[in-house]
1. Test of understanding: among A:Leu254, A:Leu209, which residue is more than 16 Å from A:Arg83 (Cα to Cα) and not charged (D, E, K, R)?
2. Quick check on my filter: what residues within segment B:346-366 are out of contact with any His (no Cβ under 9 Å at 6 or more places or on another chain), modelled with pLDDT under 80 and open to solvent by 80 Å² or more (accessible area, probe 1.4 Å)?
3. Could we say that A:Thr201 is within 14 Å of another protein chain (Cβ to nearest Cβ), without any contact (Cβ under 8 Å) to a residue 60 or more places away in the chain and surrounded by fewer than 18 Cβ atoms within 10 Å (Cβ to Cβ) here?
4. Quick one: what pairs do we get from segment B:384-395, first residue within 17 Å of B:Lys99 (Cβ to Cβ), second open to solvent by 40 Å² or more (accessible area, probe 1.4 Å) and part of a helix (DSSP H, G or I), C-beta under 7 Å, 6+ apart or different chains?
5. Let me spell it out: the conditions are (1) open to solvent by less than 30 Å² (accessible area, probe 1.4 Å); (2) under 23 Å from the mean Cα position of the chain (by Cα), and B:Ala326 meets all of them except one. Which number is the exception?
6. What's the total number of residues in segment A:256-297 that are within 14 Å of chain B (Cβ to nearest Cβ) and within 18 Å of A:Leu235 (Cα to Cα)?
7. Considering only segment B:97-113, state which residues are within 24 Å of B:Gly160 (Cβ to Cβ) and surrounded by fewer than 21 Cβ atoms within 10 Å (Cβ to Cβ).
8. Which of the residues that make up segment A:164-198 are surrounded by fewer than 22 Cβ atoms within 10 Å (Cβ to Cβ), in a loop (DSSP other than H, G, I, E, B) and more than 14 Å from every other protein chain (Cβ to nearest Cβ)?
There are 2 protein chains.
Amino acid sequence: MEPTASPEAVIVGAGLAGPLLASLIARRGHRVDLVEGRPDPRATRHHGGRSINLGMSARAIAALREVGLWQEARRLSVPMRGRMVHTAGGRPSFHPYGKDPSQILHSISREALARLLVEHAEKQPGVRLRFDARCVAVDRDRARVTLADGDELAADFVVGADGASSIVRTEMQRGLPAAFSREYLEWGYKEITIHPLSDGTPAVPLEALHIWPGERGLGVAHPNIDNSLTCTLFLPRDEPPDPVSEAFPHLAELVPDLDEQADAAPMSHLTTVRTAPWHHRDKAVLVGDAAHAVYPFYGQGMNASFEDCLVLDGMLARHPHDREAAFAAYEHARKPHTDVLAELSARNFLELRDGMRSPVRLARKRLDLLLHKAFPGTWVPLYTLVSHTTVPYGEALRRARRQDRVAAALAATGAGLGVAGLLAALGRRHRRNPR
Amino acid sequence: MEPTASPEAVIVGAGLAGPLLASLIARRGHRVDLVEGRPDPRATRHHGGRSINLGMSARAIAALREVGLWQEARRLSVPMRGRMVHTAGGRPSFHPYGKDPSQILHSISREALARLLVEHAEKQPGVRLRFDARCVAVDRDRARVTLADGDELAADFVVGADGASSIVRTEMQRGLPAAFSREYLEWGYKEITIHPLSDGTPAVPLEALHIWPGERGLGVAHPNIDNSLTCTLFLPRDEPPDPVSEAFPHLAELVPDLDEQADAAPMSHLTTVRTAPWHHRDKAVLVGDAAHAVYPFYGQGMNASFEDCLVLDGMLARHPHDREAAFAAYEHARKPHTDVLAELSARNFLELRDGMRSPVRLARKRLDLLLHKAFPGTWVPLYTLVSHTTVPYGEALRRARRQDRVAAALAATGAGLGVAGLLAALGRRHRRNPR
């Protein structure tokens, strides 16, 4: 008997999710055309203004492990063991991410991770890469992709991994009753660099995410392996502080040319995209930002996109003879959780903007972590569930809400409860809510 | 001194809001090009499937009065004095719309109203109409409109009155950080006709909106001046009842060819569109469905679009030398209220679908009307505020919520309160909430 040819896929978009998904599905014999409108990231240098550094956490790590790239990605990254908050008048305060050294994030430049993924995808049998190959049209019923140079690619299915402004999504949904929403944050961002000191050492302790809460701005810096930090200045789009240094006096001390860098940087926008459906029959499907762009304030955009790829690959394996069922199961499994992530990411903007200056919220964070250390299996802060586990986002939120109710009940019954009382309260709550 | 030439406007879309706005602004000397992609409604017959009959209520009446068209529109319409609900087993029940004969709706065919408005706009000095003239591009910074035949129209500003799929909106917002959302109801609709009986009399009492709540469907019929009724069948898009007559046994008795008509009618979609901003500098502005398409279940889509035109015209008059300020004031004044209308319209779908069979909700509606009759200045049901006044939608909702709280408080204090107690409660509540 002749073996059936595995289905052929065209993946549009070779940013991050695209090459990861190509590598994943190629393992089961899918032949894949991976096309990307931009140039090969291995041939170009960082062009600036385009990227917030990425924090790899549990979900990205799980996906990279699956394709055998985690150790290499780790070597290209700097561990971030917690947040370092720089507030006016006083030393920066450090807040660990988790209860132990395993609960940390890993800062990597978008370009380094992209190159690693593209390099790996290209080595997989059956995967063919084309850069400078912009998709201009998709025939959703025939699974055909037309490129800007006129070439038409035929496939069994098309994957839209082409970001928040996905053309695959537009073409897939054109004229159909598809829900779509796009919001822009009233704040945008500019990217600057915190260079190492003249002796080559980093200007601030390297192994942390640095936060500068400002009156009308928020600075967030990720470390790079060359001892520089990439600092993202989040600013109100309508009336950004002018000069920027006025909003960030502490940062200006570290970055003498802060205003020059900020003036030269374009103001980029932040967007949330929600849509449904994510697939069209068995012919087209969306992953990553094309399906659910989120604000970057939970550091989960890339992590969630990678998780999409794992889930989609798993569903294709589970339904080898019914791709439409695989796509539907993937959408059903993922969308509720990425909807929750969109909410959490929007909420975290407010927390980062306002909460980092609020002693009450910082105290609540510390209490969360304290309870987590005391009862690691029972009490897990929301941030820990999102960043250091692969518990689905929606389930993480439900669990955190139960904890919030317990905390509120504790507060309502007075401050006299010791650990014994807390344990008892947790026990009662858990018996009532067995999940 | 030479008089300044009044600004020239291109209005894209001559459905309903377009010609109304043209007539309004022409009064102050604006020269207007009104362009429409479809043919002249005066030259064509009703083509079916495209329109839910319109119920003119207080807001539309106010706008039509403003351009002197109300009496003529009224002659083309049939008054609807209340809802007539056809439920299984029993006589239809009648529920008046308001406390007196002035609080009624007026059913008119979309085509008749469109012809009236177009006819009137064409007579205004300075207004030029072009049908079969599809807008294909808008230069938002230069206020230029390109038509499908290649003609370019120059103007001082462009108005997008081109409906839920507005091309003016798309072109105005392209690449800018504009919020946009589009949702589709999981139910769509088909349109059928309830013909008069063989003796020429209407098959059901004419002066009412007729409602057939079904298990998996909802029929709503508006009267026409020829004694027919246009019946809209709202049905789940995924699994519509098949045959339709099974879901509407009572309606099937009145319409012998119900299934044939339903099979022949296309399934149309219902959409909610929200967006911001509604304007671009002093060059482009949106009205009607282009800015805020809503579900038809509150009967307010056209009424709200007409109100847009009144408000925009008023703001242009108030800011004669600063059109950008006029556009901004218009958007600021209207958007909060059309957002509320979108919510009310979605909520009313559930009420119409489920509530018409619920004795509790019908009783609550009757109580609302009773209180309204007893205390006409103090207690006004939400439906009355929306349909029979020009109180802004948001303010109507706030007022109704206060009433709901009073009703809840009354219920909580027991059923022993008579009119005196009710009056006292209302008095107390009103002193506390002076608005």
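The values are calculated or read from the model by the stated rules, or taken from the named source; none is laboratory data. Predicted, not measured: the structure shown is a model, and the values here were computed from it. Every residue, glycine as well, gets a Cβ built from its backbone with ideal geometry; the counts of neighbours run over all protein chains shown. The area values use the complete protein model at the heavy-atom level, side chains included, leaving out ligands, DNA and RNA. Shrake-Rupley method; radii C 1.70, N 1.55, O 1.52, S 1.80 Å.
1. Of the residues listed, the single one that is more than 16 Å from A:Arg83 (Cα to Cα) and not charged (D, E, K, R) is A:Leu254.
2. Answer for segment B:346-366, where residues must be out of contact with any His (no Cβ under 9 Å at 6 or more places or on another chain), modelled with pLDDT under 80 and open to solvent by 80 Å² or more (accessible area, probe 1.4 Å): B:Arg357, B:Pro359, B:Val360, B:Arg361, B:Arg364.
3. Taking the combined requirement at face value, the residue does not satisfy it.
4. Within 7 Å, the pairs are B:Leu385/B:Arg399.
5. (2)
6. Counting residues in segment A:256-297 that are within 14 Å of chain B (Cβ to nearest Cβ) and within 18 Å of A:Leu235 (Cα to Cα) gives 8.
7. If the condition is that a residue be within 24 Å of B:Gly160 (Cβ to Cβ) and surrounded by fewer than 21 Cβ atoms within 10 Å (Cβ to Cβ), then B:Arg110, B:Glu111 are the ones that fit.
8. Within segment A:164-198, A:His195, A:Pro196, A:Leu197, A:Ser198 meet the criteria.
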